[in-house]
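Working notes for the structure below.
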Amino acid sequence: MTSPYGGGTSADRWERVWLARTEARWRRGPEVVECFRFGDGYVATVEYTNRSVRWQLTPGPVGLASALFTVALYIQYDVTPQIDPDGRMFVALAADGPRQVFSESLEEPVQYVYIDSVRTLEELPGCLDTISLERAYSRLSYEQRRQLRSGRS
């Protein structure tokens with residue numbers, strides 16, 4: 001599978017179409033992936049605009065790097081995170097990249113990575129393109145600093 005960031009027509013590849021302080025949006029044809037601030041964390045969703053269908057990539061608010069991890073999995077590999085019995089998101093990494101697994105196989109060893117353990121883009125697995133996420137990460141994590149005015153005139 002080739003990365004959606006290289007070649008193809010605009011309907012075949014993902015493009016970031018919106019970036020604000022509280023949300024980022026990527027589009028590929030009628031498919032839209034959003035990452036936005038919600039409560040104390042971030043939520044990532046997928047929407048099919050031609051079918052009025054929307055669902056979450058994250059089970060609820062998570063850290064920014066974790067939310068962007070789910071976005072990268074989806075837009076780069078068409079893989080969604082899996083949930084373990086404790087409700088934690090994870091992904092299986094094989095030699096050729098992320099994949100969903102439903103049973104253990106000795107023929108194809110995988111490494112399991114818990115998505116909530118990722119705190120920065122540098123911690124994402126090497127198979128993911130983090131360069132395409134850096135602007136979104138810095139913009140969404142930006143906290144406007146407010147300085148108090150002194151009481152003196």
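The values are calculated or read from the model by the stated rules, or taken from the named source; none is laboratory data. Please read all numbers here as calculations on a predicted model, not as lab measurements. Virtual Cβ from ideal backbone geometry, glycine too; neighbours counted across all protein chains shown. The area values use the complete protein model at the heavy-atom level, side chains included, leaving out ligands, DNA and RNA. Shrake-Rupley method; radii C 1.70, N 1.55, O 1.52, S 1.80 Å.
What are the pairs with Cβ atoms under 9 angstrom where one residue, in segment 33-57, is closer than 21 Å to Ala72 by Cβ and charged (D, E, K, R) and the other, located anywhere, is open to solvent by 70 Å² or more (accessible area, probe 1.4 Å) and outside any strand (DSSP E or B)? Sequence gap at least six, or different chains.
Close Cβ pairs satisfying both conditions: Arg37/Arg21; Arg37/Pro61.
Sort out which residues of segment 105-116 are over 17 Å from the mean Cα position of the chain (by Cα) and either among the small types (Gly, Ala, Ser) or open to solvent by less than 80 Å² (accessible area, probe 1.4 Å) (or both), and write them in order of number.
Scanning segment 105-116 gives Ser105, Val110.
Considering only segment 131-143, state which residues are outside any loop (DSSP other than H, G, I, E, B) and either out of contact with any Leu (no Cβ under 7 Å at 6 or more places or on another chain) or among the acidic types (Asp, Glu) (or both).
Result: Ile131, Ser132, Glu134, Ser138.
Looking at segment 64-90, I want the residues that are free of Cβ contacts under 8 Å to residues at least 40 places away in the same chain and have a partner that is of a type in the set (Lys, Arg) with Cβ atoms under 7 Å, at least 6 apart or on another chain. Which pairs are those?
Final answer for the pair search is Val79/Arg99.
Which residues, taken from segment 105-116, are at pLDDT below 95 and either in a loop (DSSP other than H, G, I, E, B) or hydrophobic (A, V, I, L, M, F, W, C) (or both)?
Once the filter is applied, which keeps residues that are at pLDDT below 95 and either in a loop (DSSP other than H, G, I, E, B) or hydrophobic (A, V, I, L, M, F, W, C) (or both), segment 105-116 yields Ser105, Leu106, Glu107, Glu108, Pro109, Val110.
In segment 77-104, which residues are open to solvent by less than 50 Å² (accessible area, probe 1.4 Å) and either modelled with pLDDT under 95 or in a strand (DSSP E or B) (or both)?
Of everything in segment 77-104, those that are open to solvent by less than 50 Å² (accessible area, probe 1.4 Å) and either modelled with pLDDT under 95 or in a strand (DSSP E or B) (or both) turn out to be Gln82, Asp84, Gly87, Met89, Phe90, Val91, Ala92, Leu93, Ala94, Gly97, Pro98, Val101.
If you check Ala72, Ala65, which single one turns out to be open to solvent by less than 20 Å² (accessible area, probe 1.4 Å) and in contact with a Lys or Arg (Cβ under 8 Å, 6 or more places away or on another chain)? Explain how you work it out, then say what you get.
Details: Ala72 fails: in contact with a Lys or Arg (Cβ under 8 Å, 6 or more places away or on another chain).
Within the list Ala72, Ala65, the selection yields Ala65.
Of the residues that make up segment 117-130, is at least one part of a loop (DSSP other than H, G, I, E, B), open to solvent by 90 Å² or more (accessible area, probe 1.4 Å) and either closer than 18 Å to Gly41 by Cα or in contact with an Asp or Glu (Cβ under 7 Å, 6 or more places away or on another chain) (or both)?
There is at least one residue in segment 117-130 that is part of a loop (DSSP other than H, G, I, E, B), open to solvent by 90 Å² or more (accessible area, probe 1.4 Å) and either closer than 18 Å to Gly41 by Cα or in contact with an Asp or Glu (Cβ under 7 Å, 6 or more places away or on another chain) (or both).
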